[in-house]
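The values are calculated or read from the model by the stated rules, or taken from the named source; none is laboratory data. On a predicted model such as this, the values are computed, not experimentally measured, just so you know. Positions of Cβ are generated from backbone atoms using ideal geometry, with glycine treated the same way; all protein chains shown enter the neighbour counts. Accessible surface is based on the protein model in full, side chains and every heavy atom, while ligands, DNA and RNA are left aside. Shrake-Rupley method; radii C 1.70, N 1.55, O 1.52, S 1.80 Å.
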Amino acid sequence: MAAASEPHASAFSAAELEFLAEDEMVEIVPNLRMDPLNFISGDFGPFRPQIATQVPLWLAVALKKRGKCTIRAPEWMSVDKLAQVLESERDSEKFQPLPFHYVEISRLLFDHAREDIPDIYMVRSLIEDIKDVRFHKIGTGLEIISKERTYALRLKNLSAMEANIVRPFITRALETFYKLSSSEMIQDSDHMPNRQAQATNRGPRRQLKDR
């Protein structure tokens, strides 16, 4: 992880985000018979030839490298689904729902299971287009933040990589706005008249006559 001495650096590197994404579940089709595998993170299996089962991405990649299975691309990685997401991203100011690690999952599958992904070149192109559109939205949002004073920000449906990119800028911006607000409040309090002095200082006192 990034050094603690760099509070405004990205919280995770690209490799660290990929490592976290490997815990996401994917579907594989084994080509062997094997008893359940027992790990600290859980038990997976049993494995039977041509019977699909769910395993973490890291295990799927490990079995794939050994020629023990094929990996089924997630449903959201189909050309139809990605085309719909891309169209919605272009037509809306909001970010469309996608898996939190969609960038890392797709990259791992492109690297280790490209032959298992139907229409891989179209899929890769659509994902890149989606990333470009979402980055443009992020840039537009950051430009607005830099021009307008903001004390809180809610960004829904950001992916891990996108959140990792915008976090340093947003953190610095919000801290700056908070400091500006605090300094202005101090200045206002310095110029505020002392109410107690006003209450006690009401002009010269009238002398009371002796009876």
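Points worth noting:
- Members of the range 79-111 found to be over 23 Å from K137 (Cβ atoms) and touching a residue at least 12 places away in the same chain (Cβ under 8 Å), listed by number: L108, L109, F110
- With respect to (1) closer than 20 Å to S159 by Cα; (2) in contact (Cβ under 8 Å) with a residue 12 or more places away in the chain, the lone exception for C69 is condition (1).
- The range 55-92, residues that are among the hydroxyl-bearing types (S, T, Y) and modelled with pLDDT of 95 or more: T70, S78, S88
- Out of E18, E75, E22, one residue alone is in contact with a strand residue (DSSP E or B) (Cβ under 9 Å, 6 or more places away or on another chain) and closer than 30 Å to G139 by Cα. It is E22.
- Residue list for the range 99-117, restricted to those being more than 15 Å from A14 (Cα to Cα), surrounded by 14 or more Cβ atoms within 10 Å (Cβ to Cβ) and out of contact with any Phe, Trp or Tyr (no Cβ under 7 Å at 6 or more places or on another chain): L109, F110, H112, A113, D116, I117
- If you go through the range 54-78 and keep only what is within 17 Å of E24 (Cβ to Cβ) and open to solvent by 70 Å² or more (accessible area, probe 1.4 Å), you end up with Q54, W58, R72, E75.
- Filter result for the condition that a residue is open to solvent by 80 Å² or more (accessible area, probe 1.4 Å), without any contact (Cβ under 8 Å) to a residue 40 or more places away in the chain and among the aliphatic types (A, V, I, L, M), over I51, I120: I51
- Restricting the range 46-77 to residues that are of a type in the set (S, T, N, Q) and within 26 Å of F19 (Cβ to Cβ), the residue that is nearest to the chain's Cα centre (by Cα): Q54
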